[in-house]
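What follows is a short report on a single structure.
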Amino acid sequence: MAELQSIAKHLQGADRVRALRQLLDRPIENPAGWYLLGKEMVQANDLNAAARAFGMAYHQDVDLTSAAVLTFSCLKAARSMQPELKSQFIQTWMEMKSPTLARHRSERAILMLIDAEAHREDDDGWTADRFFDCYLAS
């Protein structure tokens, strides 16, 4: 996790993507690394690559509820004539019966890497709209 913290804190753009991909080339499970790569791919507007990364994160840690929602949201947005990811995310979240986001410790740890300011330990979970604005819109 220390290596991910360093990447998230000190690198941006293509450098961050390159460092994450190098880290993920190692034959170890790294759901947080996949999650962060997915966010970078969203920022780069490569929604198919984002879906794959979020899918890998969820495959490695089923407590990453937001990664499951993001996998399907990114796929739907990539194939849509109106690829507005936030609306796809909210719609997919509702279709999945509005699961609580950021409920599990592993998911909260990853979200703190993305934006420690937005995250509070006393949160019981987040709605899709709030989650998207805090962690994906930036």
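Bear in mind that the values in this text are calculations on the coordinates, not laboratory data. All values derive from a computational prediction rather than experimental measurement.
Between ILE114, ILE28, ILE90, find the one with the highest GNM mean-square fluctuation for the chain; connect C-alpha pairs within less than 10 Å. Result: ILE28 has the largest fluctuation of those listed. Bridging of LYS97 to lysines at a Cα separation below 22 Å is possible for LYS76, LYS86, once same-chain residues fewer than 8 apart are set aside. Taking 17 Å as the straight-line reach from the Cα of LYS9, the lysines in range (excluding those fewer than 8 positions away in the same chain) are LYS39. Report the residue, chosen from ASP25, ASP115, ASP15, that carries the largest GNM mean-square fluctuation when the chain is represented by alpha-carbon nodes joined by springs under 10 Å. Residue with maximal mean-square fluctuation among ASP25, ASP115, ASP15: ASP25. Each stretch of four or more DSSP H residues adds -39500 (n - 2.57); spread over every residue of the chain, this sum gives -20500 deg cm²/dmol at 222 nm. The slack in the chain from ASN48 to GLN22, taken as 0.36 nm per residue of separation less the alpha-carbon distance, amounts to 7.4 nm.
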